[in-house]
Amino acid sequence: MMKAIINEQYGLPDILALKEVDRPEPKPHEVLVKVLAASVNKADWHLLRGEPFPIRLMAGLHKPKYQILGADVAGVVERVGQAVSQFKRGDEVFGDLSGNGFGGFAEYVAADEKYLAKKPSNLTYEETAALPLAAITALQGLRNKGKIKAGQEVLINGASGGVGGYAIQIAKSFGAKVTAVCSTGKVENALTQGADQVIDYTVQDFTKDDKQYDLIFDVVANHSLRAISRVLCRKGTYVSCAFSMGAMFLGLWKSMTEGKKMITLLASANAADLQCIGKLAEEGKLTPIIERTFTLDDVPEALQIMGNGRAAGKLIITL
């Protein structure tokens with residue numbers, strides 16, 4: 001048996017309950033991980049709420065298919081399935097389980113080995129758990145979709161919290177010149193992450209400036225594509241983490257008519273990218289951004305903070 005935070009219906013965090021449930025049995029390609037730390041992501045909030053509605057097509061129309069939330073985990077391998085080749089009992093690992101059915105808000109989780117990697121040797125479990133989903137999203141947006149290059153002018157819109165903060169650090173690791181957009185209270189944090197310039201959106205709208213950018217990575221998508229296009233260089237690239245059908249089709253149209261790439265990012269977990277962010281962390285090029293830690297019992301409180309949009313860094317669950 002194990003303790004886990006159980007989600008049996010869509011709603012607010014107060015519907016969650018700490019329960020004793022059966023410990024999962026690893027399948028042939030799975031690893032049973034004793035979870036020592038996890039972290040909260042916006043994806044957990046959306047799955048809890050069942051919103052926006054298209055999420056239910058994947059997560060269950062009337063009730064949640066994923067009863068234990070939590071994508072980011074760090075811990076120790078307890079057992080391995082008979083077909084597992086990359087890990088053994090006692091290995092320190094971390095993972096992004098968003099492609100594995102989640103399950104991180106529990107004492108144990110069974111995960112396919114393709115969603116795990118060895119834990120960075122220089123980080124604690126709590127620091128490691130702060131990385132996976134957010135850092136992979138930033139990495140894939142900048143490297144895979146944005147084709148980031150050294151010397152480029154890169155703007156990060158929503159440069160606070162997990163994804164935005166990691167995007168600053170990863171862009172700098174590629175040698176880019178980074179402009180970060182955030183609120184007044186998060187300006188110093190963005191500078192600490194390595195931003196060359198910070199725009200406080202409460203006093204300045206970057207879409208009305210004269211400066212243009214080679215690459216815009218947008219975490220919050222709070223401007224129209226028409227406004228974004230104005231500050232995007234000819235042949236520049238815009239990558240958004242916020243999915244909408246309207247934006248996708250308008251972006252396709254602008255890509256065809258203006259030569260500017262307008263791309264929606266759908267990040268996907270994989271071991272290779274986990275290894276990449278682990279290497280960046282070990283090299284000192286990627287530093288975990290932690291705002292606060294909670295116990296497993298306090299997951300509802302952590303989710304409410306995430307839902308309210310008040311987190312400037314990662315919210316960590318310690319077990």
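What is the residue count in the stretch 280-304 for residues that are part of a helix (DSSP H, G or I) and free of Cβ contacts under 8 Å to residues at least 12 places away in the same chain?
Step one: filter the stretch 280-304 for residues part of a helix (DSSP H, G or I), giving 280-282, 296-304.
From what's left, free of Cβ contacts under 8 Å to residues at least 12 places away in the same chain: none.
Residues meeting the conditions: 0.
So which residues in the stretch 143-167 are assigned to a helix (DSSP H, G or I) and over 13 Å from the mean Cα position of the chain (by Cα), if there are any at all?
The first filter runs over the stretch 143-167 and keeps only residues assigned to a helix (DSSP H, G or I), leaving 143-145, 161-167.
Selection gives ARG143, ASN144, LYS145.
If you take the residues in the stretch 69-107 that are among the polar types (S, T, N, Q) and touching a strand residue (DSSP E or B) at 6+ places or on another chain (Cβ under 9 Å), which one is nearest to LYS118 (Cα to Cα)? Reasoning before the result, please.
Within the stretch 69-107, the subset among the polar types (S, T, N, Q) is 82, 85-86, 98, 100.
Okay, now just the ones that are also touching a strand residue (DSSP E or B) at 6+ places or on another chain (Cβ under 9 Å), so 86, 98, 100.
Details: GLN86: 9, SER98: 18, ASN100: 17 Å.
Among those that are among the polar types (S, T, N, Q) and touching a strand residue (DSSP E or B) at 6+ places or on another chain (Cβ under 9 Å), it is GLN86.
Could you list, in sequence order, the residues of the stretch 1-32 that are surrounded by 16 or more Cβ atoms within 10 Å (Cβ to Cβ) and of a type in the set (Asp, Glu)?
Within the stretch 1-32, GLU30 is the sole residue that qualifies.
Against the definition (part of a helix (DSSP H, G or I), assigned by TED's automatic domain parsing to the domain that holds THR237, within 18 Å of the chain's Cα centre (by Cα) and among the hydrophobic types (A, V, I, L, M, F, W, C)), how does ALA190 come out, yes or no? Talk me through it step by step, then tell me what you get.
Details: part of a helix (DSSP H, G or I): yes; assigned by TED's automatic domain parsing to the domain that holds THR237: yes; within 18 Å of the chain's Cα centre (by Cα): yes; among the hydrophobic types (A, V, I, L, M, F, W, C): yes.
In short, yes.
Taking ILE156 as the residue in question, decide whether it is under 23 Å from VAL35 (Cα atoms) and modelled with pLDDT of 95 or more.
Working: under 23 Å from VAL35 (Cα atoms): no; modelled with pLDDT of 95 or more: yes.
Judged against the criteria, ILE156 is not a match.
Return the residues of the stretch 6-19 that are assigned to a strand (DSSP E or B) and within 21 Å of ALA111 (Cβ to Cβ); say none if nothing qualifies.
Hits for the stretch 6-19 are ILE6, LYS19.
The values are calculated or read from the model by the stated rules, or taken from the named source; none is laboratory data. The structure displayed is predicted, hence computed values, not measured ones. Methodologically, a virtual Cβ is constructed for each residue, glycine included, from the backbone with ideal geometry; neighbour enumeration extends over all protein chains shown.
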